[in-house]
1. In debye, nearest 20: dipole of the chain around its Cα centre with unit charges on the Cβ of K, R (+) and D, E (-)?
2. Can you tell me how the chain classifies by the Cα gyration tensor, rounded, prolate or oblate, using a/c under 1.5 as the rounded cut?
3. Are there trypsin sites (Lys or Arg not before Pro) in the stretch 372-451 that DSSP puts in a loop and that have at most 16 other Cβ atoms within 10 Å, and which ones?
4. So for the chain, averaging the separation of alpha carbon pairs under 8 Å that are six or more residues apart and normalising by length, what relative contact order in percent results?
5. Carbon and sulfur together cover what percent of the accessible area of the stretch 14-162 at a 1.4 Å probe radius?
6. Answer rounded, prolate or oblate for the stretch 188-290, using the Cα gyration tensor with square roots of eigenvalues a ≥ b ≥ c: rounded when a/c is under 1.5, else prolate when a/b is larger than b/c, else oblate.
7. Just want to confirm a number: the relative contact order over the stretch 96-236, from Cα pairs under 8 angstrom separated by 6+ residues, in percent.
8. Which one of 405, 388, 197 is farthest out on the positive end of the charge dipole of the chain, using unit charges on Cβ (Lys, Arg +1; Asp, Glu -1) and the Cα centre as origin?
Amino acid sequence: MTTPIDTGRYGSPRMRALFTDRARYETFVRVEGALATAQGRHGVIPRDAAEAIAERARTHRCSPQRVAELEKTSRHELFAVVQEFAESCGTHRPWVHYGATSSDILDTALALQLGEAIALLEEDLRDLLTALTARIRAVGDHVMIGRTHGQQAQPVTLGFKLAVVLDRFVRCLERLTQARERIVMGKVAGAVGSLAGIGAHGPEVQRETLRELGLPEPAVCAQAVARDRIAEFFCWAGLTAACLEDLATEVRNLQRTEIGEVAEPFAEGGQIGSSAMPHKRNPVQSERICSLARLVRSLVGPALENVTSWHERDLANSANERFTLPEACVLLDEMLTTATYVIDGLRVFPDRMRHNLEHSRNEHLSEAVLLLLVQRGVDRLEAYRLIQEATVRAVGEDTDMVDALLAHPRLAGRLDAEEVRRMAAAGADTGHCRELAAEAVERAERLVQGG
């Protein structure tokens, strides 16, 4: 891999392959071939030259070494690629890149690369949605304590917890699908974007070149594709990275020794947790997601800065995009596939869920009892304070909340002991958690299936 940034072990081979020098250069040539085809059709360049250039573009394999050699003299990468390709076109070489400017080729090739990267990211997201729906169906009925502010609150189901995550990634996929037509945009409008260099048939040449490449046509464009389009992709990437970090953080928290309700997969007998402590099974996959998310979010700033341009074109965006675009795509690919691996193999420990639920000593009944008292005519604030007093007593005396409520001198006569014990025995009223999870699964499956 020869991307400007070494992304190391991360990302799939398919994603990394999009951003090699050879792939980038050959995408430039593909754009040159489509441009020549459109120009030949309208007589902008001789038809025989157009056919020869287009045919050569279909089979040309760029030599990065030759491009590098030419660039030493021209100090212009795109010009060096055009030279290297034109050398293979024989007598037709003067017509290669006719009427075009560098941005026509660079930005249109970038749109093709980004379009392919987005397709892979959409596939990654669909895989994650599929993994989440399958896990909810398999283990979603387990009851566990919910937590707010890091403290035990009220019970939920594991399916509900995962459904909240699932719904978030449904939105991530919907956002990307909706934004794609704005993000992936080519242009072949020549210097300053006026189409003057292409001649009288400039609008038709641009339209047909882009159609040949499967790209939309901008309504109006300066010399470069407006960078608010690229910035929108980075904003989506940063938001998606934040959602992935939130999922990974929840897994890390629930895997803590003190909680131990779920854990990411661990290859027993082969995988090493800690190099020093053999008993450790560290959540390294989830920690990797959190680490990379922080890096991806940092790329949003440069993308927003790139929206600003001096007049019709400058190069202030170009150098950093060589790093940031491949990096964002490769790292998001890695994070999504890692998250899918974690969810696919998520280990669930119902006994620990039950233990932690019982550890609350029925404190989770506080809201249900509050509502019951209000229904029976007790002022809400008064009821709240009385239950609060009982809670303090339960903690101080290390006793069960039910017993503390029934022992409270101002509550005992207002609560039926059998009724309160029945509420506790029902074990964790999870409200509508199951139906909400089921609805989230249905929405996700419709999206994955294209409905």
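1. Magnitude of the dipole: close to 360 debye.
2. Note, shape of the chain comes out prolate.
3. Hits after loop and neighbour filter: 376, 410, 414.
4. 20
5. Heavy-atom surface of the stretch 14-162 belonging to carbon and sulfur, 1.4 Å probe: 49 percent.
6. Details: a/c = 5.06, a/b = 3.83, b/c = 1.32.
Prolate, because a/c is 1.5 or more and a/b exceeds b/c.
7. Value for the stretch 96-236: 30 percent.
8. 197
The values are calculated or read from the model by the stated rules, or taken from the named source; none is laboratory data. Just so it is clear, the model here is predicted, and its values are computed rather than measured. A quick note on method: Cβ atoms are made from the backbone with ideal geometry, for glycine too, and the neighbour counts reach across all protein chains shown. These area figures cover heavy atoms from the full protein model, side chains too; ligands, DNA and RNA do not enter into them. Shrake-Rupley method; radii C 1.70, N 1.55, O 1.52, S 1.80 Å.
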